[in-house]
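Novice: Once you've had a glance at the structure underneath, I'll fire off some questions.
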Amino acid sequence: MPQVRVYNLGYDPGTGIGELLHTTTVRHAMGMIRREVAVPVELTLVEERIVPTALELTRELSGAWVEGAGRRSVGFSYRAVHERDHWTCAYCGRSVSRTPACEALLATVDHIRPISRGGPSSWTNLVSACKECNNRKADRTPAEAGMPLRFAPYDPSRSYRVGGHVEDLPQPPVDGSALVTA
């Protein structure tokens, strides 16, 4: 499923000019539309279903809630890695916790490229992982372990923070595949 771009009130789909706040999933976007928090401004056809690719908020979000890209407001720590990844294992997609119901769901941080192979402790080489997946991957890369990442790690200091939620902002599609609604 494609990512849905969320724009502040005042977005012009004809020119593409507007304040891009963050991206979200199609499922979350549909909830925003149902709650009348946002309206779809661009739609596309995916697997014979019409889904939004861009939303515009129904009310303007104050600039005080949006921190611009490039600010070093996000401190690096293992807890911050879990926050960035929404306390979700990057390999199996299960929720992880510091106090889990079972030992397998204990929150750990995994080096995508292991330290033993020169992998750094950086935003783009660390992901949140449950203890079970981290142990199964061991001292291998995800490809060697046959465990693809469910999402790509990113540096939140080079992204936007909106209302406490950090999202990496990809560039809008340039292939003209989105349908514009008025």
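Novice: Among the residues of the range 1-21, which ones are modelled with pLDDT of 80 or more and not in a loop (DSSP other than H, G, I, E, B)?
Specialist: Val4, Arg5, Val6, Tyr7, Asp12, Leu20, Leu21, listed by residue number.
Novice: What pairs can you find where one residue is in the range 119-133 and without any contact (Cβ under 8 Å) to a residue 12 or more places away in the chain, the other is polar (S, T, N, Q), and their Cβ atoms are less than 7 Å apart, with a gap of 6+ or different chains?
Specialist: Between residues of the range 119-133 that are without any contact (Cβ under 8 Å) to a residue 12 or more places away in the chain and residues that are polar (S, T, N, Q), the close pairs are Gly119/Asn125.
Novice: A further question follows. Tally the residues that are closer than 18 Å to Arg84 by Cα and not hydroxyl-bearing (Ser, Thr, Tyr), restricting the search to the range 95-119.
Specialist: Of the residues in that region, 9 qualify.
Novice: Out of everything in the range 32-45 that is surrounded by fewer than 13 Cβ atoms within 10 Å (Cβ to Cβ) and not in a loop (DSSP other than H, G, I, E, B), what residue ends up being modelled with the highest pLDDT?
Specialist: Arg34
Okay, residues lined up against (1) of a type in the set (Val, Ile, Thr); (2) within 16 Å of Asp155 (Cβ to Cβ):
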| residue | (1), (2) |
| --- | --- |
| Tyr78 | no, yes |
| Val81 | yes, yes |
| Trp87 | no, no |
| Gly93 | no, no |
| Ser97 | no, no |
| Pro100 | no, no |
| Ala104 | no, no |
| Ala107 | no, no |
| Ile115 | yes, no |
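The values are calculated or read from the model by the stated rules, or taken from the named source; none is laboratory data. Only a predicted model underlies this, so the values are computations on that prediction, with no experimental measurement involved. Here the Cβ is made from the backbone with ideal geometry for all residues, glycine too, and neighbour counts use every protein chain on show.
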